[in-house]
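Comments concern the structure below.
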């Protein structure tokens, strides 16, 4: 089976060449450009399966490119990995809330980026494939989730989640009441040996709670252990 096509949008020529070279060695077809505008103009012809997107770009920055991608029905489902020299939570959360699937902060190892790319592409393929036994919707405490339709709602109002946020909520709701460590959540959502820090789970949970609004405290922190989804209203105010 042919390897995926990856669009790399990176203004630093050395980083762009390094990323493109290493992804190419893995058998991927790589298209590299230096601006967001160039990347957006190539979408129809390049037809990428994944976009590696730098946040700090000349002209339209990475976040604006991401907004454009997610506003179009033709491109909203293309997975995106952000790359950025910034490490503040606000920058990471902004990208994840706009729909990015993952992120790496510079400087990063090409091996780490390749592993992230493989994992994102694998999740996309698994989502597209039929998954018997996982189609039953779940509804708890006003929140409903339907894996087959990839839909979440709070009291009937649709909630737009990123792929990772959806996967975390789906895992927690289908095991409501059970406590999971951050590593267990990573293993369930990303797969074993996925190269991501536990802090990344906290960032995703933060974004998930914010999008769920007043229902966000259903996702409860269990200090020193991890997270769980409350299957009753008991302890509902003890999120933090």
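Modelled with pLDDT of 95 or more and buried (at least 17 other Cβ atoms within 10 Å of the Cβ): is that true of residue 104 in this structure? No, not satisfied. Every test in (1) under 20 Å from residue 124 (Cβ atoms); (2) touching a helix residue (DSSP H, G or I) at 6+ places or on another chain (Cβ under 7 Å) is passed by residue 159 save one, and that test is (1). The helices (runs of 4 or more DSSP H) found entirely in the stretch 158-229 that carry 2 or more residues being assigned by TED's automatic domain parsing to the domain that holds residue 142 and surrounded by fewer than 18 Cβ atoms within 10 Å (Cβ to Cβ) are 182-190, 198-212.
Here's the yes/no breakdown for (1) in contact with a strand residue (DSSP E or B) (Cβ under 9 Å, 6 or more places away or on another chain); (2) under 22 Å from residue 164 (Cβ atoms); (3) part of a loop (DSSP other than H, G, I, E, B):
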site: 6; (1), (2), (3): yes, yes, no
site: 11; (1), (2), (3): yes, no, yes
site: 14; (1), (2), (3): no, no, no
site: 30; (1), (2), (3): yes, no, no
site: 38; (1), (2), (3): yes, no, no
site: 60; (1), (2), (3): no, no, yes
site: 73; (1), (2), (3): no, yes, yes
site: 78; (1), (2), (3): yes, yes, yes
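The requirement of being outside the structural domain of residue 120 (by TED's automatic domain parsing), surrounded by fewer than 20 Cβ atoms within 10 Å (Cβ to Cβ) and touching a helix residue (DSSP H, G or I) at 6+ places or on another chain (Cβ under 6 Å) is not satisfied by residue 150.
The values are calculated or read from the model by the stated rules, or taken from the named source; none is laboratory data. Bear in mind that the values here come from a model prediction, so they are computed numbers and not experimental data. Backbone-built Cβ (ideal geometry, glycine too); neighbour counts: all protein chains shown.
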